[in-house]
1. Using Cα atoms only, what is the angle between the long axis of helix 30-48 and the major principal axis of the chain, expressed in degrees (0 to 90) to the nearest 10?
2. Beyond a 25 Å Cα-Cα separation, which of these cross-linked pairs lie in this structure: 20/176; 96/137; 76/184; 46/155?
3. Read phi for every residue in segment 94-105 and hand back ³J(HN,Hα) as whole Hz from Karplus 6.51 cos²θ - 1.76 cosθ + 1.60, θ = phi - 60°, with x for Gly and Pro.
4. Label 7 Å along Cα→Cβ of residue 63; segment 1-24 residues with amide nitrogen under 15 Å?
5. Mind pulling the angle between the C-alpha long axis of helix 160-174 and the longest principal axis of the chain? Nearest 10 degrees, somewhere in 0 to 90.
6. Based on DSSP H runs of at least 4 residues, each adding -39500 (n - 2.57), what is the mean residue ellipticity at 222 nm of the chain after dividing by all its residues, to the nearest 500 deg cm²/dmol?
7. Which of the trypsin sites (Lys or Arg not before Pro) found in segment 1-92 are loop residues per DSSP with 13 or fewer other Cβ atoms within 10 Å of their Cβ?
8. Step through the residues of segment 180-190 one at a time and calculate ³J(HN,Hα) from phi using the Karplus curve (6.51 cos²θ - 1.76 cosθ + 1.60, θ = phi - 60°), rounding each to whole Hz and writing x for Gly and Pro.
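The values are calculated or read from the model by the stated rules, or taken from the named source; none is laboratory data. Owing to the predicted nature of the structure, the values given are computational and were not obtained by experimental measurement. Virtual Cβ from ideal backbone geometry, glycine too; neighbours counted across all protein chains shown. For accessibility, only protein heavy atoms count, side chains too; no ligands or nucleic acids. Shrake-Rupley method; radii C 1.70, N 1.55, O 1.52, S 1.80 Å.
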Amino acid sequence: MRLSQGAEATIERTSAGVQKIRLPKPYRLQAIDDRLRRSRTRREAKILQKLPIPGPQFLSVDDTSMVIEMSFLPGKKARDVLNARNAHLLCCEIGKMLVKLHDASIIHGDLTTSNIIVSASGHLSFIDFGLSFFSSKIEDKATDLHLLKESLESKHASFWEEAWEGAFLGYLSSSKEAALIKEKLAVVDLRGRYKHKN
Ligand SMILES: Nc1ncnc2c1ncn2[C@@H]1O[C@H](COP(=O)(O)OP(=O)(O)OP(=O)(O)O)[C@@H](O)[C@H]1O
Ligand SMILES: [Mg+2]
């Protein structure tokens with residue numbers, strides 16, 4: 001059964017869990033497409049095997065057919081669960097989880113509320129590590145936060161300020177590098193605004 005057909009991948013439910021299949025993109029030059037699909041498949045498989053936070057359990061990878069098999073996470077996307085009442089608390093949890101990821105020198109690379117699963121009991125898991133990479137640079141961590149902020153702003157426009165306040169407080173309260181990250185985020189945010197205007 002097909003669970004999702006995204007821009008980059010198809011997610012199929014299997015007996016063991018789910019398969020994430022990166023099908024060829026006909027509009028991309030084949031050599032480039034192969035390289036991109038292979039690198040994203042490998043990255044995701046590698047990160048899943050080192051994940052220090054709740055997320056899918058890695059089962060297998062095939063970088064010829066570009067298929068990763070992982071456990072199925074029951075729940076809903078944070079995007080569909082967040083509202084004005086729960087945003088502050090849930091996003092605070094997201095911020096704290098992001099610190100744990102960053103403390104293991106993993107940058108998510110695409111942290112949006114579509115890439116976070118909320119279980120029925122309210123527990124969070126991160127998914128979609130195809131753009132993730134290893135880095136302990138302050139700038140990369142700040143960029144992860146900047147992307148989260150932008151996604152809250154665009155997908156949860158009516159309450160994004162509360163959501164972001166929660167995420168930022170959650171992050172800063174548990175990060176040992178809070179002051180440095182805060183300073184760098186201001187620079188990354190400014191750069192983002194400049195880019196949008198030009
Ligand atoms: N392990 C999983 N358990 C349950 N649902 C999943 C799982 N992995 C993915 N999904 C569902 O499929 C959707 C798409 O998955 P995912 O975000 O990994 O891929 P994508 O965004 O299409 O691809 P890309 O990695 O290129 O960004 C998710 O938003 C989620 O609803
Ligand atoms: Mg996704």
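1. Relative to the chain, helix 30-48 is tipped by roughly 70 degrees.
2. Where the Cα-Cα span goes over 25 Å, the pairs concerned are 20/176; 76/184; 46/155.
3. Calculated HN-Hα couplings, in order: 4, x, 5, 5, 5, 4, 4, 5, 5, 5, 8, 6 Hz.
4. Residues 22 fall inside that zone.
5. Long axis of 160-174 versus the principal axis of the chain: about 90 degrees.
6. My calculation for the chain gives -15500 deg cm²/dmol from helical runs alone.
7. 28, 50, 85
8. Rounded to whole hertz, the list is 5, 5, 4, 5, 5, 4, 4, 5, 5, 4, 4.
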